[in-house]
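Just so it is clear, none of the values below were taken in a lab; they were calculated from the coordinates. Keep in mind it's a predicted model, so treat the numbers as computed, not measured. As a convention, Cβ positions derive from the backbone with ideal geometry for all residues, glycine included, and neighbour counts pool all protein chains shown.
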Amino acid sequence: MRPILLQGHERSLTQIKFNREGDLLFSCSKDHIINVWFAHNGERLGTYDGHNGTVWTIDVDSESRFLVSGSADNTLRLWSVQTGKCLYRWEFPTAVKRVAWSEDDSQVVCITEQRMGYQCAVRIFDIDREGDGTNQSKEPSSIFYPIGSKATLCSFAHVPNLILMGHESGKVALFDAKTGDEVLNNERAHMDVVTDLQLSPDRSYFITSSKDKTARLHETKTLTVLKTYTTETPLNSAAIAPGKPYVLLGGGQDAMSVTTTSLRQGKFETRFWHKIFEEEVGRVKGHFGPVNTIAVSPKGDCYASGGEDGFVRVHHFDESYFRAKPYGDLEIEE
Amino acid sequence: MAPNGVNGVHHEDDEGIDYSDIENKYKVKFEEGFDNILLVDGVPIIDEAKRGKLLDKIAKEFGRKGAPIKTADISVPWNDTNGKSKGFVFIEFKNAIDAAFAQTAMDGHPFDSKHTFRVNRFTDIERYADMDETYVDPEPDEYKPKEHLRSWLGDSQGRDQYATYRGDEVEIHWHGKPSQCEVAFSRQNWTDLYISWSPLGTYIATLHRQGVQLWGGASWGKQHRFAHPMVKLIDFSPCENYIVTWSNDPIVVPEGAQQGPQFFSPEDEGHNIAVWDVKTGNLLRTFPTAYPEGEDVKKQLQWPALKWSPDDKYVARVTPGQQISVYELPSMGLQGKKSIKIEGVVDFEWCPQGDKDREEAEAEAKGKSTRKPRENMLAYWTPEVANQPARVTLMNFPSRTLLRQKNLFNVTECKLHWQNQGDFLCVKVDRHTKTKKSIFCNLEIFRVREKDFPVEVVELKDAVTDFSWEPRGERFALISSSDPNLANPAPGITVKTDVSFYQLVRGKGDFKLLRTLSTRTSNTVRWSPRGRHVVLATIGSSSKSELEFWDLDFNADDTGRREGPSKEEWGSGIQHLGTADHYGVTDVEWDPSGRYLATSASAWRHTLENGYAIWDFRGQELEKHILDRFKQFLWRPRPRTLLTKEQQRQIRRNLKEYSRQFDEEDAAEESNISAELIAHRKRLVDEWNAWRTRVKAEMAEEQNRLGKKVESEADKQGEEEKEEIELWVDEVIEQIEEEVVE
């Protein structure tokens, strides 16, 4: 099917996210705007206005009731998905680089940047889901400062109170949410900055992408590397396709050197790799800048990619995608 | 007060320690013996009367060579019976170093026409005089079998090899059918600069700060080394017997440097080029770099600086504007003791040896031949000097007879292109119009095998940028361009070119245009080493990187070479086989069999998408590797076939039979491979599934432990069923299009 081009941003995309049902697509960008779209036809449902800087990150809870966003205006905001109203805002000394909901929607984790003498901090907030959501506690339920390399990515791990983090040095680590201790780490998970981290539906394994041109699949519990996907371009994002044994990788020439490279050398395609065999299966062209973020609908029927070019492209898989068995009749567990 | 110790009379002092061993160890060694005395033989035998005169003369001679002595230091032994000197003298020097210097300086010094000095150390004389006269057999070294240097040719699958240099790693690969490709050898930091194969593929050369190292054999052991510090360029002779090295830094022989036939001696100092014998590793001769004359001429090194005759018998170098010097191998002496003086000579080329010539030469060497083999031949050209027109000359060598001269006018530049069998010589003459404003091109083609060397001229209106003979063929391809951008190349500008093919018309003896492919961007022609197939490539452009694969004998039967002019229409056999693209291609090279083409994008030129690709002759991509910091790709050359003409014909005749055999092998292997691959995938999936099952069980346990309700499959199913389905129906009932006319 022809991809749907979502033209609602004026600057490069930073993150896109599907809700649990896969019918809504949230996108945020450097132009301070958060948009929400109908995934099936690309119609814009609305915007979440208020941020005063690049919106680096968003996440929506499993009920599609609350949305959290983190921005370079040093705020973390809670929004009502339905009305678009800002329900609460937390203010920090530095920009918020990553937010994530816990599995049971009761907590939010966020990372603030290390800058201007302030340490990189990880804060966990308990979210009061009673009432209209405006009654939140100002103070985090726990806060800790990971030492060493800057943390750039975070998410709740497979069990409560464990936070999975990706670092600039290429390290992937598990932290205890309460004490802030590093429980487990893999220092050499990547050779360069970890750019994205997405978990499998049951959070038992996750995929990371890195500027070192590889993406890797890790087991959450042990942080052992299960699979490695080696490409020839720096990667910005990696996603796991539900229902099919594929992973999706996106990247391209660095944003700063894009103007000096032509479209075909830029490698701005979304790549499909076989999750188990570590072989490239196919590529989807379209963006004319690096792919910054990729998300696959939890239903596995479509995916979207957001690029440095300011566009989001939503691709619904064709019938043949579900029918095709390029590797024969091997039964592969989710 | 102290009775002992202070005066050092007794070593056994108060503590009774014996220091004699330490004192022995650190004792200052005095110059003992006669190291500072030299014995000079070959001195004239004289009477007492001439003694003073002789000593003065000897002292003067020594002084002239930088080893000054006084007459008082010379002692002359006398034969008392006849009152004459004994014909040798002793000379005492201040120390052993001075003596050693005088020995090297004066040994073999011609004193006068009858007398030559032989200088030896006095101690040596004594040593040799005391030698044991009985002969002792030297211990023979244990025989160690060496690896066969051509073992790769014995590969049971008949594969070719290629070398790649990426980052710090050099790899040797096998290349055959997809399943047979594998890495044969790899080594980190094998070379400091680059790698190079010898022309017959026997050795691989690596360049280091210290010099060149050759490697060979199945396990790539060290073969020979050539100690030329800071070597930058190397060149093998065609038969691999010799190697020429060049370094930008002039040769320096430091004090105490290793001496011997494999090392530079003080005479070589200041030179840049060295010629070595590959088999022994010995240095044969060194040369300084010759640059073209004149102040305004840009100093550009011509490489290869020394050009080899095809049979390795001679090597020649040109002193631009003056002469060509030809040296005989292996002595490296100037052939005929004089250079060939040619006023104004710019460049020359040896005529290559054809297969026939080689056979004849071999027969001659065995003494079986009745016919005299063709002599070596070289072609050179001189530009217009004073009143003399520019001239191309063919010369026989070593007889130095002029075979043919052709005068040319309005010449800017000439390029000599020999066909690889030595049948034709094409001189590409860049000519200017009277006003010297525009340049056009003439091809002067010498038919060397015919009587009186007839010359035919092909006139072209445009400038020719590339010219190439078909190997073993009668065709050539050239690239010409009338693009105004040609003269001033700028980055990002791709010059438009035309590619033309010409073929010899048998009988008539002239070359006729086969076909012109116009408005291309190709700037490089690469013929397959077997002829017939040709690739046109666009190299060094940032926007175009096309490869075009052409077949020039598309209608011809594969089993035999076309004999005589084909009956078909002129030029109808040219067929485009395919077009491919390798972004950023910098090098294009056919494999020795002419079946595969390798293209590479080297990090030495740019850093975008470095790597290499291998194509078949039709332009189908077989493999492509994008590798960071990829630098060099080189096919391993093959030596000439050992099969006779008759055996080759036999094979051609029975080609069908052989190919059936190979087809069977292929089929068997293919099924084998797919089975292997399927099994491999099955294993991967099984591993994954097992891991998933384990993880799922652990997760469930964990959830249980935490007292959470485990969602059963049934619950999930229920949820699914409750899902509301909203249908969006968008139906066009009627569409009316109104046209409003004002």
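Would you please state which residues of segment B:573-600 a label at B:ARG506 would reach in this model, taking the label point 7 Å out along Cα→Cβ and a backbone N cut-off of under 16 Å?
Correct set: B:573.
Using only the alpha-carbon atoms of chain B, report the extent along each of the three principal axes, biggest first, to the nearest angstrom.
The principal-axis extents, from largest down, are 143, 97, 68 Å.
Just want the answer: with Cβ charges of +1 for Lys and Arg and -1 for Asp and Glu, which residue in B:LEU284, B:PHE511, B:SER602 is farthest toward the dipole's positive end in chain B?
Highest projection toward the positive end goes to B:PHE511.
Before rounding to the nearest 500, sum -39500 (n - 2.57) across all DSSP H runs of length at least 4 in the protein assembly as shown and divide by the residue total; then give [θ] at 222 nm in deg cm²/dmol.
The per-residue figure over the protein assembly as shown is -4000 deg cm²/dmol.
About its Cα centre, what dipole magnitude does segment A:104-186 give when the only charges are +1 on Lys and Arg Cβ and -1 on Asp and Glu Cβ, stated in debye to the nearest 20?
Approximately 380 debye in magnitude.
Say a paramagnetic label sat at a point 7 Å from the Cα of B:LYS70, along Cα to Cβ; which residues of segment B:91-114 have their backbone N under 15 Å from it?
The answer is B:91-95.
Placing +1 on the Cβ of each Lys and Arg and -1 on the Cβ of each Asp and Glu in segment B:126-266, which of B:TRP246, B:LEU200, B:VAL136 has its Cα farthest towards the positive end of the resulting dipole?
B:LEU200
Return a whole-number percent for the relative contact order of chain A, with Cα pairs under 8 Å and 6 or more residues apart as the contact set.
Computed value for chain A: 13 percent relative contact order.
Leaving out same-chain residues fewer than 8 places away, which lysines sit with a Cα under 18 Å from that of B:LYS338?
Once the sequence-local lysines are set aside, what remains near B:LYS338 is B:LYS307, B:LYS313.
So, counting K/R as plus one and D/E as minus one, what does the shell of residues with Cβ under 15 Å around B:GLN620 add up to?
Summing Lys and Arg as +1 and Asp and Glu as -1 gives -3.
Roughly how far apart, in whole Å, are the Cα centres of segment A:261-334 and segment A:39-100?
26 Å
Mind checking Rg over Rh on the protein assembly as shown, alpha carbons, Kirkwood formula for Rh?
Radius of gyration over Kirkwood radius for the protein assembly as shown works out to 1.11.
Given the convex hull over the Cα atoms of segment B:33-129, what projected area results after averaging over all orientations, in nm²?
6.4 nm²
What is the distance, in nm, between label points placed 7 Å from the Cα along the Cα-to-Cβ direction at A:LYS138 and at B:GLN300?
7.7 nm
Would you mind getting me the FRET efficiency between A:LYS150 and A:ARG129? Use the beta-carbon distance for r and R0 = 22 Å, nearest 0.05.
The pair A:LYS150/A:ARG129 has a calculated efficiency of 0.10.
Per residue and in Å³, how big is the convex hull formed by the alpha-carbon atoms of segment A:4-323?
So the per-residue Cα hull volume is 122 Å³.
Which links in B:LYS60/B:LYS84; B:LYS372/B:LYS406; B:LYS222/B:LYS372; B:LYS366/B:LYS508 stretch past 32 Å when you go from one Cα to the other?
B:LYS222/B:LYS372; B:LYS366/B:LYS508
Counting other beta carbons within 10 Å of each residue's own, what order do B:LEU193, B:LEU301 fall into, fewest first?
Least to most surrounded, the residues fall as B:LEU301, B:LEU193.
Divide, for segment A:7-95, the radius of gyration over alpha carbons by 2.2 N^0.38 Å, where N is the residue count.
Dividing the Cα Rg of segment A:7-95 by 2.2 N^0.38 Å gives 0.99.
Under a crude label model (7 Å from the Cα following the beta-carbon direction), how far is B:GLU687 from A:LEU45 in nanometres?
4.2 nm
Over 25 Å between Cα atoms, which of B:LYS177/B:LYS645; A:LYS244/B:LYS696; B:LYS337/B:LYS428 qualify?
The answer is B:LYS177/B:LYS645; B:LYS337/B:LYS428.
Relative contact order for chain B using alpha-carbon pairs under 8 Å, separation at least 6, rounded to a whole percent?
So the answer I get is 6 percent.
About its Cα centre, what dipole magnitude does the protein assembly as shown give when the only charges are +1 on Lys and Arg Cβ and -1 on Asp and Glu Cβ, stated in debye to the nearest 20?
Value, rounded to 20: 5100 debye.
Can you pick out the pairs among A:LYS97/A:LYS299; A:LYS97/A:LYS213; A:LYS213/A:LYS267; B:LYS279/B:LYS631 whose Cα atoms lie more than 18 Å from each other?
A:LYS97/A:LYS299; A:LYS97/A:LYS213; B:LYS279/B:LYS631, as the Cα separations exceed 18 Å there.
With a 10 Å Cβ neighbour count serving as the proxy for reagent exposure, in which order, fewest first, do B:VAL732, B:VAL40 appear?
Listed from fewest to most nearby Cβ atoms, that is B:VAL732, B:VAL40.
Under a cut-off of 16 Å between alpha-carbon atoms, report the lysines in cross-link reach of B:LYS94, not counting same-chain residues fewer than 8 places apart.
Excluding near neighbours in sequence, the set is B:LYS70.
Out of A:GLY46, B:LEU214, B:ILE340, whose Cα points farthest toward the positive end of the dipole of the protein assembly as shown (charges: +1 Lys, Arg; -1 Asp, Glu; placed on Cβ)?
Going by the charge dipole, the pick is B:ILE340.
Please report, in debye to the nearest 20, how large the charge dipole of segment A:4-323 is about its Cα centre when each Lys and Arg carries +1 at its beta carbon and each Asp and Glu carries -1 there.
580 debye
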